[in-house]
């Protein structure tokens, strides 16, 4: 049981990276981005291209760090892939969502367009890399280390938690200390007042999509390292991501982090009683329960 | 010298015109009040001047340059700030962060300006790291005015600064308006609280049904029995 909770925290950390992005975007543009899961997939596959294709071509040695399953290639690919997904995310907003916003389109149209964007991103991934399961390093032994209470954890997973932890700290510092971070919080509070104060809200929106995309990309790569890569991987995470976002209070970044961890643990612990194939159903049930019992989330929304 | 002028301004929401041919002006160092009954178009006038509503006709001039139809984030760079009547603070930010957002477009060191605002509103300095969402209406109004001052505006537009404040705070806010004016900021204030506002105003305009129906010095409007009966509630 303790082991399932630890695995739940690992899965939850990945979900949290996605739900933080969802909640940031929702807080600023009041829009539920159904393509967010597929941005994770895109990040995972861009990293796959960088690790297997480009790195080999550039002659970067294919070694691993200690007992981790990856080395310099992934260390370089990780930030580059994050930037690429940030770019895709900003591009989607500029060419698709922003024109619809400007026309004050109905929320259903916005949701449909996001769903369409999700399919497009996923199909591009499937066309380029096929529908097979992929690994960053096929055939590598991934030994586990034994922690107290009989918990087996792989070195990869410990590093994964450290990476997520660092990204969240960086985001916290950005939001609390930097001028653009403060402007993002101000814009989430009241966009009209932000404009009246002279804040360039369009620039704030671009930063928001960029950060949301970068975090989604990171989440996708980490999921690929921890489990495997597949064209539907991000979309399968979308439901727990939304549940985590709602659980934490829509628009509340730190709530989304906690919500992600809760969803990860709930899904993993459920496998002690249910078949693992029911994991998405568990996410769905938790989401319905939250909506019925406490739709404002455990911490309330980010907006008063 | 005129710092703000509207000529024959027409504006409204949707299909309906709310303002009809409104021409008003604000001179340097003045406090000018816009008064009139509910629904007269007072707030609409300020929103149109500040670019939150696009005028259907007429001209807005700010410090000698036309700003008709410019967006608020452009207008604020040209020396005019605006304090909305409601939702005029960022509730999840601290007091200090609210003021910093007022200075967002400044690239110079605005530490002095921050000090100045804190001198004007000492209460804000004491609680500068408190989240604004928890504060009272009077404190929020001070923060909102402080935020608007961070860019050293020549012109300040205030939309009903005393609305929904306890009577004891109303006097305090009007004193602050006089203090701000003394630092060289010309102020145009829209108010329900007409008599109190006229007392501190150099001049006033009476708006009714979206039209300018009367204008005079603040004192003269207060003494005018007919205007008093018609528009100031007897």
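Each value in this text was obtained by applying a stated rule to the coordinates, not by laboratory testing. What you are looking at is a predicted structure, and each value in this text was computed from that prediction instead of being measured. Heads up, the Cβs are rebuilt from the backbone with ideal geometry, glycines too, and the neighbour counts pull from every protein chain shown.
Quick one: pull the percentage of alpha-carbon pairs in the stretch B:48-137 with a separation above 15 Å. Of all Cα-Cα distances in the stretch B:48-137, 67 percent exceed 15 Å. In degrees from 0 to 90, rounded to the nearest 10, what is the angle of the helix A:233-247 Cα long axis to the longest principal axis of chain A? Once rounded, one gets 50 degrees.
As a rough footprinting exposure proxy, the listed residues A:7, B:13 were ranked by other beta carbons within 10 Å of their own, and the order from fewest upward is B:13, A:7. The value for the stretch B:129-234 of Rg(Cα) / (2.2 N^0.38 Å) is 1.16. Among the residues of A:182-193, the average count of other protein chain beta-carbon atoms within 10 Å of the residue beta-carbon is 6. Stokes-Einstein, applied to the Kirkwood radius of chain B over Cα pairs at a viscosity of 1.567 mPa s and 4 °C, places its translational diffusion at 72 µm² s⁻¹.
When restricted to Cα atoms, the stretch A:72-186 yields an Rg and a Dmax of 19.7, 58 Å, respectively. At 1.002 mPa s and 20 °C, plugging the Kirkwood radius over alpha-carbon pairs of the stretch A:174-304 into Stokes-Einstein gives what diffusion coefficient in µm²/s? My calculation gives 131 µm²/s for D. Placing one equal scatterer on every Cα of the stretch A:109-266 and applying the Debye formula, the log10 ratio I(q)/I(0) at q = 0.17, 0.20 Å⁻¹ is -1.24, -1.46.
Hey, could you get me the Stokes-Einstein D for the protein assembly as shown, Kirkwood radius over alpha-carbon pairs, 25 °C and 0.890 mPa s, rounded to whole µm² s⁻¹?
94 µm²/s
Taking a ≥ b ≥ c as the square roots of the eigenvalues of the Cα gyration tensor, an a/c ratio of 1.5 or more together with a/b larger than b/c marks the stretch A:57-116 as prolate. Would the stretch A:134-190 count as rounded, prolate or oblate if I go by the C-alpha gyration tensor, calling it rounded below 1.5 in a/c and otherwise prolate when a/b exceeds b/c, oblate otherwise? Prolate, since a/c reaches 1.5 and a/b exceeds b/c. Going from the fewest other Cβ atoms within 10 Å to the most, the residues A:192, B:226 appear in the order B:226, A:192. How tilted is helix B:137-149 with respect to the longest principal axis of chain B? Cα atoms for both, answer in degrees (0 to 90, nearest 10). Around 90 degrees separate the two axes.
With one equal scatterer per alpha carbon and no solvent term, the Debye-computed log10 I(q)/I(0) for the stretch A:1-46 at 0.25 1/Å reads -0.88. With everything on Cα atoms, drop me the angle between helix B:167-182 and the longest principal axis of chain B, reported from 0 to 90° to the nearest 10. Between the helix axis and the principal axis of chain B, the angle is about 90 degrees.
If you build the convex hull over the alpha carbons only and average its shadow over all orientations, what do you get for chain A? Give it in nm² to one decimal. Mean projected area for chain A: 16.5 nm², to one decimal. Run a plain Debye calculation on the stretch A:16-77 (Cα atoms as equal point scatterers, no solvent) and give log10 I(q)/I(0) at q = 0.14, 0.17, 0.18, 0.30 Å⁻¹, rounded to two decimals, same order as the q list. Debye output, listed in q order: -0.56, -0.68, -0.72, -1.15. As a proxy for reagent exposure, ranking A:241, A:40, A:1, B:172 by other Cβ atoms within 10 Å from fewest up yields A:1, B:172, A:241, A:40.
Among the residues of B:74-81, the average count of other protein chain beta-carbon atoms within 10 Å of the residue beta-carbon is 2. Relative contact order, percent, of the stretch A:12-238 when contacts are C-alpha pairs under 8 Å separated by at least 6 residues? Once normalised by length, the contact order is 44 percent. Taking the alpha-carbon centroid of each part, what is the distance from the stretch A:177-203 to the stretch A:20-74 in angstrom? Taking the Cα centre of each part, the stretch A:177-203 and the stretch A:20-74 sit 29 Å apart. Sequence-distant contacts, meaning Cα pairs under 8 Å at least 6 residues apart, place the relative contact order of chain B at 28 percent.
Specify the inter-centroid distance of the stretch B:181-207 and the stretch A:227-243, based on alpha-carbon positions, in whole Å. Each part reduced to its Cα centre gives a spacing of 59 Å.
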